[in-house]
Amino acid sequence: MEVSFHEEIEALRAGDGEVFQGEGILAITKALLQSGVAYVGGYQGAPVSHLLDVMVQAKPYMDELGVHVEACSNEASAAAMLGASIHYPIRGAVTWKSIVGTNVAADALSNLSSPGVTGGVLIVVGEDYGEGASVIQERTHAYALKSGMCLLDPRPELGQMVNMVEHGFRLSEQSNMPVMMELRIRACHVRGQFVAKNNVAPALSKKNLLQEPASFNYMRLAHPPVTFAQEKRKIEHRLPAARDYIVSQQLNEHFKGTAHADLGLIVQGGLYNTLVRALQQFDLSDAFGVSSLSILVLNVTYPLVPAELTDFCKGKKAVLLLEEGQPEYIEQELALMLRRLDLQTPVHGKDMLPSGGEYTAEVMAEGLLKFLDKHQPQAVPESTRAWLQGNAQRRKQVQTLLGTPIPARPPSMCIGCPERPVFSALKLAQEKVGPVHVSGDIGCHALATFEPFSVGHSILGYGMSLASRAGVSPLMKRRVLSVMGDGGFWHNGLLTGVQSALFNGDDAVLLIFKNGYTSATGTRDIINTPSEATKDANPDKRQSLAHTSQVIEHTLEGLGVKWLRTVHTYEVAQMQATLTEAFTTDFQGLKVIVAEGECQLERQRRIKPWLAQLKATGQRALRVKYGVDEDVCNGDHACIRLSGCPTLTLKDNPDPLKVDPVATVIEGCVGCGLCGENAHAATLCPSFYRAEIVQNPKLTERLFARLQNAFTRLLQPA
């Protein structure tokens, strides 16, 4: 990691009575240390990335406390770490981005949940749900239900979130159930403060070792026939114990209404802040949550406590349940509870709120309006109706004024991204060999599915591209191309893809982007990341330090890959030729192309401070920039269609006799050279030039520049 979390690490040291200020996910990190956690693992990914990042960078302090921190290769390996808490009274926590991360971890979670845990276990998942999400729209709730894990959804207030972490460990220990805590994107990044406590060094840790392993106990294995007894324990012992703790510690919060207490709202804890904002639009709540309607906040969404919910519903004129996402697990369970007790309180939920999608304040307000219109219409101010109607009218007005939909602005790879030239080369290669089926993957390269490349027929999981072509390639006339990054290769691709293709003797083509990092989740280090010593020794290395590590190539050779090529990504012509060879060679079997080019974000983070230091100390500093000769450019724009670089754009043609705008390179160019490489590889117009901008030039360079300028003036007409 190149990003520094120095301030956040210092904040983790806050002691009893000090005020901790910061983001929600950092508050969770602090809460883990206050709870005496002994080991922490996880897989990086928004929105919970900072938890692991901070702890990895805070290794010296973690060593002081005796806390073991592990950056895991995937979510399954993180979940498997929790096996330490099956036999031993050790508290452990892991984290990842859900729901995709929970899918990967599912096998380990099931085998953990069956025998149950002795030490407290907390799984912090970033519930990446809603319009701001980057993953498929599913909920973690299903995993809690099927595997028998408690699910916390804390109200997004830092003090309450910290409190729920501490209770989460105790709940886990009392019920012997693993506990999951889901944090939505907004909860992870909500800012606030809380009064800190001293961090607790775990009783058993790296500094206080276990003297002997636990005695063998077959009942602690997730293995038949004891799994049948474990299933009974889940129902007969663990669930009742969890419910007892939830009630005794009042983990769910009940806020009694001030004016309309006979109307009830039941809400997932993570949605509470948004609900308060929606109620404010009705003048039914103030900014501090003092509400006219009674509210039951479910900080624990599984298991539900039947008596708690039915008591809340008794005597109510009606109840509205605000449950984000589908299926409506909580609503179904609540309806069943009321039916069994023959309680006739009307319960509304998805009949008044959308079945799917994020519950924003406006979405909630529209549902509240339907609820109040049916059961308390006089409680709705006319100003609220006008506000909602005005919003709808403004949307229609915007559509009318536009006439046509707003032009799409698809996301794009970073300026100078080393993956862009590979897709340019692929377009050129397909002109010769014909269209090919491309199995895509999760990562930065997934942005190639957008224009101008529009490449990729499927994305079925991180590192799964080679595996996902297995059913397609035997049925295709041309060879199928699978694309994955080095992050995906180590996450899952090595075993599910490469090993399987070699074992089955598949005739396949795999392209691995070796940029040195797991870049799409924020450039986290992996096993083939260049060392700090290498970076320091090569600050101005041309575009790539990836070649300094041959771990991927050696791994592939060790597995038995016979056809292996490593090509620098910015060498478009060579990449085009290599792709063409892979599609047309007589070699039958797995063909792997390793496209190496260091992540441009990491390169810029390295060289910008280095260049700034050179300039500040008066040393020679060289920066490369590319441009377009507007007198040569013919306005064809094929270069733009071939690269899609954000800094390669259009400007008005300076020639008054020409109508078509010319290409131009704007500020922001990082000098990767792709535009020129594309022009050469595709035999486009020779309008691109390369300029070297020298600051603090040497004496010889200054003298040469003067001579050059003088000679140029002599050649110019009078």
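The values are calculated or read from the model by the stated rules, or taken from the named source; none is laboratory data. Every value quoted in this text rests on a predicted model; they were computed, and no experiment measured them. Because the Cβ atoms are built from the backbone with ideal geometry, glycine has one as well, and the counts that use them run over all protein chains shown. Heads up: the accessible areas ignore ligands, DNA and RNA and are worked out on the full protein's heavy atoms, side chains in. Shrake-Rupley method; radii C 1.70, N 1.55, O 1.52, S 1.80 Å.
Quick notes on this structure:
- Computed from point charges on the beta carbon alone (+1 for Lys and Arg, -1 for Asp and Glu), the dipole magnitude for region 127-273 about its Cα centre is near 360 Debye.
- Förster-model FRET efficiency, 60 Å R0, Asp244 and His554, C-beta, rounded to 0.05: 0.65
- Solvent-accessible area per residue, Å², over region 604-678 with all protein chains present [probe radius 1.4 Å]: 53 Å²
- Relative contact order %, the chain, counting alpha carbon pairs below 8 Å whose residues are six or more apart: 9 percent
- FRET efficiency for Ala259 and Lys146, using Cβ-Cβ distance with R0 set to 35 Å, rounded to 0.05: 0.25
- When the Cα positions of Ile295, Ser473, Gly42 are compared along the charge dipole of the chain, Ser473 comes out farthest toward the positive end, with charges on each C-beta of Lys, Arg, Asp and Glu.
- Cut-off 18 Å, label 7 Å out along Cα→Cβ of Asp63, residues of region 8-25 by amide N: 9-10, 13
- Note on the chain: dipole from Cβ charges, positive end direction compared against Ala259, Thr585, Phe423; the farthest Cα belongs to Thr585.
- Take the Cα of Gln613, step 7 Å toward its Cβ, do the same at Arg713, and the gap between the two points is 4.0 nm.
- Per residue, the solvent-accessible area of region 124-184 (1.4 Å probe, heavy atoms of protein chains only, all protein chains present) comes to 27 Å².
- Per residue, region 251-392 exposes an accessible area of 40 Å² to a 1.4 Å probe, with every protein chain left in place.
- Cβ-based charge dipole, region 67-150, positive-most Cα from Val135, Val125, Leu112: Leu112
- Relative intensity, log₁₀ I(q)/I(0), of region 248-359 from a Debye sum that treats every alpha carbon as a point, q = 0.20, 0.21 Å⁻¹: -1.13, -1.25
- Here, P(r) means the percent of Cα pairs in each 5 Å bin from 0 to the largest distance; for region 528-657 it is 2, 7, 13, 13, 14, 13, 13, 10, 7, 4, 2, 1, 0.
- Within the chain, the whole DSSP H helices whose Cα atoms reach 24 Å or more along their own axis and whose mean Kyte-Doolittle score is at least -0.5 are 158-175, 699-715.
- With 0.36 nm allotted per residue and the present C-alpha distance subtracted, the Asn696-Lys658 stretch has 9.7 nm of extension available.
- The stretch between Thr310 and Glu333 holds 7.2 nm of extra length on full extension. This uses 0.36 nm per residue minus the Cα-Cα distance.
- Net length available on complete extension from Ile406 to Arg478 is 22.1 nm, with 0.36 nm assigned per residue and the Cα-Cα distance removed.
- Sites Lys396 and Leu703 - FRET efficiency at Förster radius 56 Å, r taken between beta-carbons, to 0.05: 0.25
- For region 555-654, a simple Cβ point-charge model (Lys and Arg +1, Asp and Glu -1, everything else neutral) yields a dipole of about 640 debye relative to the Cα centre.
- Rounded to the nearest 20, the Cβ-based charge dipole of the chain about its Cα centre (Lys and Arg +1, Asp and Glu -1) stands at 600 debye.
- Thr683 paired with Ala386, simple spin-label distance in nm, labels 7 Å along Cα-to-beta-carbon: 7.0 nm
- Measuring nothing but protein heavy atoms, the accessible surface of region 635-718 at 1.4 Å probe radius is 58 percent carbon and sulfur.
- Rounded if a/c under 1.5, otherwise prolate or oblate - region 576-651, Cα gyration tensor axes: oblate
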